[in-house]
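Everything on this sheet refers to the single structure shown next.
The values are calculated or read from the model by the stated rules, or taken from the named source; none is laboratory data. A quick note: this is a predicted structure, and the numbers were derived from the prediction, not measured. Every residue, glycine as well, gets a Cβ built from its backbone with ideal geometry; the counts of neighbours run over all protein chains shown. The area values use the complete protein model at the heavy-atom level, side chains included, leaving out ligands, DNA and RNA. Shrake-Rupley method; radii C 1.70, N 1.55, O 1.52, S 1.80 Å.
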Amino acid sequence: MSSQNHTADGVPRSNGMPVLGLGTWQNDDAETCADSVQTALEMGYRHIDTAQAYGNEDAVGAGIERAAVDREDIFLATKVWISELAADDVIASTERSLDKLGVDSVDLLYVHWPARTYDPEETLPAFGELLDRGLIDRIGVSNFEPHHVDRAREVLDEPIFANQVEMHPLLQQAALREYAAETDLELVAYSPLARGGVFDVPELTEVAEKHGVSEAQVSLAWLRERGVTAIPKATSEAHVADNFASLGLALDDDDLATIEGIDREDRRVDPDFGPDSWD
Ligand SMILES: NC(=O)c1ccc[n+]([C@@H]2O[C@H](COP(=O)([O-])OP(=O)(O)OC[C@H]3O[C@@H](n4cnc5c(N)ncnc54)[C@H](OP(=O)(O)O)[C@@H]3O)[C@@H](O)[C@H]2O)c1
């Protein structure tokens with residue numbers, strides 16, 4: 001994780017990645033999805049997160065196409081699904097993703113899960129090939145624990161840019177944050193609103209009321225304060241706007257202490273094909 005710097009478009013970036021993005025999981029009505037992507041981009045978002053498994057890459061592409069924002073100003077990320085982790089499948093499925101998204105390249109391509117179908121020696125060189133061919137700008141991993149990242153870095157000559165993991169005030173991931181800071185790895189927080197869970201936490205409500213903002217904003221501002229990029233999913237314009245407003249929320253030391261006093265390990269995403277146990 002590195003220090004953040006502001007750019008002309010107003011969204012802080014960390015190593016080139018805008019620190020707030022729009023998530024799109026389960027935004028699977030094509031028209032709604034394209035609308036929310038367009039709305040977000042025109043509001044000032046510059047980072048969009050999708051995945052092959054979400055079945056909405058074409059709708060995300062339509063939203064990008066419709067928005068009055070240049071492609072080169074948008075940081076676009078997608079993920080290779082667990083059925084596509086053999087080398088040839090990584091390449092072919094990514095080419096299909098680019099077609100659906102209507103772009104020549106993506107800014108970040110993740111291994112979605114270190115599932116049983118993931119074999120570092122088989123999967124990762126194909127990511128390296130995509131980088132060499134200019135079809136992706138950065139390699140990412142998702143749902144990786146430190147030992148998975150260490151192994152990936154042994155196998156791959158190219159850098160691992162980011163690890164996308166579940167993170168929010170109910171799952172604060174202190175060990176992963178420490179590992180990322182020590183090893184020059186960006187962290188991207190998925191489910192940064194705990195899939196709605198942040199609205200039922202008294203400590204977050206207390207901080208939100210103090211600042212006259214939503215609990216969603218408090219959660220997103222806490223992640224930003226800790227050097228972590230967040231990709232909240234929102235479909236309505238009101239939610240898209242509320243989350244964007246978190247960029248203007250400055251938390252003080254008392255707020256951070258209140259949030260970090262929440263002592264929970266409330267994981268919301270834990271499929272059978274994920275790691276058997278989380279560190
Ligand atoms: N790598 C992975 O394995 C992985 C796993 C899970 C998620 N992700 C990524 O992370 C993104 C975000 O995670 P998520 O979708 O699981 O959950 P989330 O962002 O924590 O929460 C989304 C939920 O919060 C609601 N919401 C959003 N903003 C709100 C606001 N300001 N006020 C009130 N409600 C609000 C949304 O409602 P509306 O939709 O009605 O606005 C939706 O129901 C995903 O979309 C996906 O891109 C990645």
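The table that follows gives values for the structure above.
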read-out: Pairwise Cα inverse-distance average, inverted: Kirkwood Rh of the range 110-188 (Å); value: 13.0 Å
read-out: Fluctuation leader among Val240, Val80, Val201 - the chain, Gaussian network, Cα springs under 10 angstrom; value: Val201
read-out: Antiparallel bridge percentage (DSSP; both residues within the range 1-159; nearest 5); value: 20 percent
read-out: Where labels lie 7 Å past Cα in the beta-carbon direction, separation of Asn15 and Asp184 in nm; value: 0.8 nm
read-out: Probe 1.4 Å, accessible area per residue of the range 1-147, Å²; value: 38 Å²
read-out: Sites Ala92 and Arg151 - FRET efficiency at Förster radius 22 Å, r taken between beta-carbons, to 0.05; value: 0.35
read-out: Beta bridges by DSSP in the chain, antiparallel share as percent, to the nearest 5; value: 15 percent
read-out: Set of lysines near Lys79 by C-alpha distance (under 21 Å), chain-local residues within fewer than 8 positions excluded; value: Lys100, Lys233
read-out: Cα gyration tensor shape of the range 1-94, rounded if a/c is under 1.5, else prolate or oblate by comparing a/b with b/c; value: oblate
read-out: Fraction of beta bridges assigned by DSSP in the range 120-203 that are antiparallel (%, nearest 5); value: 10 percent
read-out: Viscosity 1.567 mPa s, temperature 4 °C, Stokes-Einstein D of the range 178-229 from Kirkwood C-alpha radius, µm²/s; value: 110 µm²/s
read-out: q = 0.13, 0.16, 0.19, 0.30 Å⁻¹, the range 204-263: log10 I(q)/I(0) [Debye, one scatterer per Cα]; value: -0.30, -0.46, -0.64, -1.37
read-out: Accessible surface of the chain, 1.4 Å probe, proportion on carbon and sulfur as whole %; value: 44 percent
read-out: Solvent exposure of the range 204-275 as accessible area per residue, Å², 1.4 Å probe; value: 46 Å²
read-out: Estimated [θ] at 222 nm from DSSP helical runs (n ≥ 4, -39500 (n - 2.57)) normalised by residues in the chain, nearest 500; value: -12000 deg cm²/dmol
read-out: Rotationally averaged projected area of the range 232-279 (alpha carbon convex hull; nm²); value: 5.6 nm²
read-out: Shape of the range 115-259, Cα gyration tensor, a/c cut at 1.5; value: prolate
read-out: Kirkwood Rh in Å, taken over the chain so that all alpha-carbon pairs contribute; value: 18.8 Å
read-out: Choice from Pro12, Pro202, Pro146 showing the highest fluctuation, given a GNM over the chain with Cα pairs closer than 10 Å; value: Pro202
read-out: Label point distance in nm, Asp270-Arg195, each placed 7 Å from Cα along Cα→Cβ; value: 1.1 nm
